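The values are calculated or read from the model by the stated rules, or taken from the named source; none is laboratory data. As the structure is a prediction and not an experimental result, all values here were calculated from the model. All Cβ positions, glycine included, derive from the backbone under ideal geometry; neighbour counts span all protein chains shown. The protein model used for the area step is the full one, side chains on, heavy atoms only, and it has no ligands, DNA or RNA in it. Shrake-Rupley method; radii C 1.70, N 1.55, O 1.52, S 1.80 Å.
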Amino acid sequence: MKNAKFLISLYTCVILCISCSTPTEPELYIARDFTKENEFTAGIEGPVVDDRGILYAVNYEKEGTIGQVDSIGNVGLFVELPEGSTGNAICIDSKGNMLVADYTGHNILSINQEKEISVYAHDTSMNQPNDIAITSKDILYASDPDWSQSTGNLWMIKNGKVVLLELGMGTTNGIEVSPDEKKLYVNESVQRNVWVYDILDNDSLTNKRLLIKFEDGGMDGMKCDVEGNLYITRYDKGVVVKVSPEGKVIKEIKLKGQKPTNIAFGGKEGKTAFVTMQDRGCIETFEVESPGRYFSLINQ
């Protein structure tokens, strides 16, 4: 009998030890720090995760740089941009080239896998460009705000050619393509509108309508998950809001800082959100239910 009690106790201890040593999955939608504060400047923006799981963001340590972050949050310099260029948003095309919205140079820069930098597209009539979204055909859509006038434009970059799609909008900022690539979302930070367009077969836009309007706070970058939900960074509100394809607010995710600038998805399954924080100079992270649209695109 004593031996039986001893074996039961031993078995219980083993089970408890296994339970304690097994890592638990992070709770969904709970923000935590991914990098240290102030490793990036207040210009931190443009997060993107490549097919190797490396996270990139602009303005590491000083303006005009791109930093890279490994899977446990260690940050280092990826590349310095040419003099006069400052990155804002980053995408990666189907060939593995990094495309960077250079808002001070009025360029879209291309960085190949040997870190050679060239101008992919240039147009001095652009105010910036600011944020960019990419399709599976490597079509880029770019927002183009004029902050001093609270106005903005919308551009398409196709095979290196810049095409004006709409002039005289509100302060265009965050931009994203739907998972089926049939819709384009564009927000206006000052006016607090999120617009949705239908994308035609020739990549031009039609049927503009209002998806959602917010009554307070700002907006910056935004990204879709594979279900078509839109994750919008609410600058000065300290939250990311999850909005359904029908324009309904599903959830607000509270962040540690107050000034999120953009969002990307990565991690092993594309279910980890990374949010760049202007007021903290760092990247926060939280877990979500569905992979990001762009993560799935580059990991096909």
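Consider segment 145-168 and keep the residues that are within 21 Å of I92 (Cβ to Cβ) and touching a strand residue (DSSP E or B) at 6+ places or on another chain (Cβ under 8 Å). The one that is surrounded by the most Cβ atoms within 10 Å (Cβ to Cβ) is W155. Residues that are open to solvent by 30 Å² or more (accessible area, probe 1.4 Å), in contact with a Gly (Cβ under 9 Å, 6 or more places away or on another chain) and of a type in the set (A, V, I, L, M) occur in segment 203-211; there is at least one.
Taken together, G160, G170 contain a single residue that is free of Cβ contacts under 8 Å to residues at least 60 places away in the same chain and at positive phi, which is G160.
The set of residues from segment 274-283 being under 15 Å from V49 (Cα atoms) and in contact with an Asp or Glu (Cβ under 6 Å, 6 or more places away or on another chain) comprises V275, T276.
Restricting attention to segment 289-300, the residues that are more than 14 Å from the chain's Cα centre (by Cα) and either within 16 Å of T233 (Cβ to Cβ) or modelled with pLDDT of 95 or more (or both) total 2. Among the residues of segment 253-293, those that are touching a Ser or Thr at 6+ places or on another chain (Cβ under 8 Å) and of a type in the set (S, T, Y) comprise T261, T272, T276, T285.
Scanning segment 177-202 for residues that are of a type outside the set (D, E), surrounded by 14 or more Cβ atoms within 10 Å (Cβ to Cβ) and outside any strand (DSSP E or B) yields a count of 6.
Taking the condition polar (S, T, N, Q), open to solvent by less than 20 Å² (accessible area, probe 1.4 Å) and not in a strand (DSSP E or B), does S94 pass? Quick ask: steps written out before the conclusion?
Details: polar (S, T, N, Q): yes; open to solvent by less than 20 Å² (accessible area, probe 1.4 Å): no; not in a strand (DSSP E or B): yes.
The answer is no for S94.
Summed over segment 134-157, the residues that are in a strand (DSSP E or B) and free of Cβ contacts under 8 Å to residues at least 60 places away in the same chain give a count of 14.
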